[in-house]
Amino acid sequence: MSDVLVEIDDLKVHFPIKSGLLFDRTIAHVLAVDGVSLKIARGETYGLVGESGCGKSTLGRGLLRLVEPTHGRIIVDGTDVRALQGEQMRLFRRRIQMVFQDPMSSLDPRQSVESLLVEGLKAHDMHRDKAAVRQRLRSTLDSVGLPASTLNKYPHEFSGGQRQRIGIARALILGPELIVADEPVSALDVSIQAQVVNLLGDLQESLGLTYLVIAHDLAVVRHISDTIGVMYLGALVEEADGDRLYQRPLHPYTRALLSAVPIPDPWTEDRRERILLAGDLPSPVNPPSGCRFRTRCPWSQPRCAEDRPELRVFDDSGQRVACHFAEQIHSGELRMHEVHTELVRPAQGSAPDVGSGLIQTRNDLP
Amino acid sequence: MALLDVRDLSVVFRRRGAEPFTAVDGVGFTVEPGQTVGLVGESGCGKSVTSLAIMGLLPRRGNQVTGEVRFEDTDLLKLRPQDLRDRRGRDIGMIFQDPLSSLNPVIPLGLQVAEVLERHQGKTRQAALRQAGGLLDAVGIPDPARRLKEFPHQLSGGMRQRALIAIALACKPRLLIADEPTTALDVTIQAQILALLKELVDQSGTALVMITHDLGVVAGLCDTVNVLYAGKVVERAGRHDLFADPRHPYTHGLLQSVPRLDVDRGGRLHQIRGSVSDNIPWPEGCAFAPRCDRVIDDCVGATVPLEPTRRDGALRCTNPVPQEVPA
Ligand SMILES: Nc1ncnc2c1ncn2[C@@H]1O[C@H](COP(=O)(O)OP(=O)(O)O)[C@@H](O)[C@H]1O
Ligand SMILES: Nc1ncnc2c1ncn2[C@@H]1O[C@H](COP(=O)(O)OP(=O)(O)O)[C@@H](O)[C@H]1O
Ligand code: SF4
Ligand code: SF4
Ligand SMILES: [Mg+2]
Ligand SMILES: [Mg+2]
């Protein structure tokens, strides 16, 4: 990777769990993101996948400091983002924008599309020249395939696909370099999903954007990503380019995940071997010792309970994997065994999936 | 004879101050004993309303249901509410997307399963509870004896869906209707639940109506697939035929627009222009016409009929995608 735009090093985001009676007492932490390191090259799409609750959204928000990381470094284009303060951070934020699953659900329904888009410009004092603003609004809407008449309308007047276009326009209007898209097409029907996926591709090409795309749908992620990172319980377990990851998944979790995705082709479905995982994602409050996947891993060994495997480079291809036994599993030397289902309590500390609602997001900054 | 024979089923919603809305418009399909039949389509095309109408679970007011829902010899639409309720637990089971809303939050799981057995099989409480433990075990819930005393909120989404399946299958129904049973679940949990459903259906010979928006789920599971658009069946075919050779432009477009895991990183996806919601109320004639690349004069104005196809299916289109000729 020659030109790195984003470098994340050992990033951790831990949420304190307060005791219900004594409000100021922290009784435990949700280890939502617990030591993630990755690099995103300029102009590429990095896709982050994993089951709900594994920390994808928190990582994305941590990168923008919409939630404050507990530990680690974030370097964007040579700037140490965590060292930026107040005004500097505010100005810097223009360069990274976020696209959400349903951008409109959190918005004031009385706010027109125009005022919504201008809001971002105002925050960066880019709204004074009326003619320039007009021009900018039109060209941005045009780039996402919406007519200028959209400006005078309100969120509820649009379908899901059009709303997502408006959400993308809102992210684009400030001219960012990096876009963090959190489940940008998950709420959309297949035919609309294709429209938005294509739009993201076109914009990347014409504007030279870099994307971090967060999604639970592996097929979508494979379609759009140059590099894919697989997360499990707060950590990256594997990373490779999409084609390699599909052809040679090394981590047991990646193998199970890939084998679980339904493929719209009856002949393929009839022939496929599935690795069915036992049980549910454990709670990120008390993750298993050693390898976090060991409670569901069909290849786990005694050592897995003791040492936490590091994400390491597997071979010359640059594929990275966090498993002690990746070589032996790959060669077939180590065989699968039965896994006993462990019950996971949803109420334990925090539900694995709180949805975006619970994540404290700072709205004071665009 | 078919186990379930749905004929010309329509559901019209009437609200004061609003135009009547036809959510389901002359839907017909059959389910043979032991068969798995899919209903697929994007959101809003009438899948859930169809299944609720079949089960007699639509709200009493505000809608009008017409047509026939023959289960063996009985038209379910003509049954008295009480008789219908009886049939539901005994002959037809149902599972929904959100198990939490279908389970009673304040009754222990074991009792919820046992009640079904008591009501429909006249079992004693004790015998029913014993069997309930066996059922939870059969659907893969760990340590079932203990789980009997627990409440739905103590289980994860996947485990709750298993519990719901146990309840639906408690009386060994001959038909199971599943409305997006895995849509709210993660993909590895979805795989568990689909494998469980497949196994149970294979073992017990229960027929299954699988309702989903996910073409991948259909590809792995269904014998016959009905594609719905705007409240109508637009294409029906065996699963291999449908995927090899989709004839309806909507089916064809959908299959081309899904990104596939087994295809290398690609350029652009095929797009279907517009959206379902842009075209409500549905236009006269073919409802897909405003989005269709193959639209011709005959498509607009008059209703396009559903015609049988040579391959034992059906197609509602005046200008279908040409059949692929084997080389
Ligand atoms: N503000 C918060 N307070 C406490 N826990 C949180 C908060 N936000 C997220 N979490 C927890 O962090 C974990 C990761 O959540 P998230 O990043 O939303 O996962 P994903 O996006 O992969 O579904 C989950 O267990 C979630 O419950
Ligand atoms: N109780 C209701 N009153 C009025 N309209 C309804 C009602 N239930 C569903 N609809 C409408 O009927 C159509 C079909 O809905 P539904 O069967 O839920 O779609 P699907 O399950 O295929 O996503 C939708 O346009 C929906 O808004
Ligand atoms: S380190 Fe052990 S438990 Fe973890 S994935 Fe590898 S084999 Fe499985
Ligand atoms: S009937 Fe006409 S408009 Fe409708 S799908 Fe067929 S070709 Fe397209
Ligand atoms: Mg998320
Ligand atoms: Mg539905």
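The values are calculated or read from the model by the stated rules, or taken from the named source; none is laboratory data. Predicted model, so just to flag it, every value in this text is computed and none were measured. As a convention, Cβ positions derive from the backbone with ideal geometry for all residues, glycine included, and neighbour counts pool all protein chains shown. Keep in mind that these areas ignore ligands, DNA and RNA; they rest on the heavy atoms of the full protein, side chains included. Shrake-Rupley method; radii C 1.70, N 1.55, O 1.52, S 1.80 Å.
Structure above, values below:
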read-out: Considering only the protein assembly as shown, percent of DSSP beta bridges that pair antiparallel, nearest 5; value: 60 percent
read-out: Chain B: calculated mean residue ellipticity at 222 nm from DSSP helix runs of at least 4, using -39500 (n - 2.57); value: -9500 deg cm²/dmol
read-out: Of the trypsin sites (Lys or Arg not before Pro) in segment A:88-145, those whose Cβ has at most 16 other Cβ within 10 Å and which sit in DSSP loop; value: A:110, A:128
read-out: Extent along principal axes [Cα atoms of segment B:224-326; Å; largest to smallest]; value: 42, 33, 22
read-out: Dipole magnitude of segment A:205-271, debye to nearest 20 (Cβ charges: Lys/Arg +1, Asp/Glu -1, about Cα centre); value: 200 debye
read-out: Chain B: relative contact order as a whole-number percent, Cα under 8 Å and 6+ apart; value: 19 percent
read-out: Cα gyration tensor shape of the protein assembly as shown, rounded if a/c is under 1.5, else prolate or oblate by comparing a/b with b/c; value: oblate
read-out: Estimated [θ] at 222 nm from DSSP helical runs (n ≥ 4, -39500 (n - 2.57)) normalised by residues in chain A, nearest 500; value: -8500 deg cm²/dmol
read-out: Test item: Cα-centred dipole of the protein assembly as shown, Lys/Arg +1 and Asp/Glu -1 on Cβ, debye; value: 1860 debye
read-out: Cβ-based net charge around residue A:143, under 10 Å, with every Lys or Arg adding one and every Asp or Glu removing one; value: 0
read-out: Most mobile listed residue (B:208, B:185, B:136) in chain B, GNM with C-alpha springs under 10 Å; value: B:185
read-out: Order by protection proxy (mean Cβ within 10 Å, highest first), peptides A:279-291, A:182-194, A:69-81, A:328-340; value: A:182-194, A:279-291, A:69-81, A:328-340
read-out: Fraction of beta bridges assigned by DSSP in chain B that are antiparallel (%, nearest 5); value: 60 percent
read-out: In nm, spacing of pseudo-spin labels at residue A:301 and residue A:124 (7 Å Cα→C-beta vector); value: 5.1 nm
read-out: Segment A:1-126 shape via C-alpha gyration tensor axes, a/c threshold 1.5; value: oblate
read-out: Taking chain A and dividing mean pair separation by its residue count, relative contact order in percent (alpha carbons under 8 Å, at least six apart); value: 20 percent
read-out: Å² per residue, accessible surface of segment A:1-109 at 1.4 Å; value: 44 Å²
read-out: For peptides B:300-313, B:216-229, sequence by mean Cβ density within 10 Å, most packed first; value: B:216-229, B:300-313
read-out: 10 Å Cβ neighbours from other chains, averaged over peptide B:136-148; value: 1
read-out: Rg to Rh, two decimals, where segment B:280-327 supplies the alpha carbon set and Rh follows Kirkwood; value: 1.03
read-out: Of all DSSP beta bridges in chain A, antiparallel share, percent nearest 5; value: 65 percent
read-out: Pair residue B:57, residue A:135: separation of 7 Å Cα→Cβ label points (nm); value: 5.8 nm
read-out: With all protein chains modelled, accessible area of residue A:8 [1.4 Å, Å²]; value: 10 Å²
read-out: Simple Cβ-charge dipole of segment A:97-163, Lys/Arg +1 and Asp/Glu -1, about Cα centre, in debye nearest 20; value: 200 debye
read-out: As computed over chain A, the Cα convex hull volume per residue (Å³); value: 160 Å³
read-out: Long-range amide H partners of residue B:229 with built H, under 5 Å; value: B:234
read-out: In segment A:106-161, the GluC sites (Glu not before Pro) that fall in loop regions by DSSP, at most 15 other Cβ within 10 Å; value: none
read-out: Gaussian network model of chain A, springs between alpha carbon atoms under 10 Å - residue of A:344, A:220, A:33 with greatest fluctuation; value: A:344
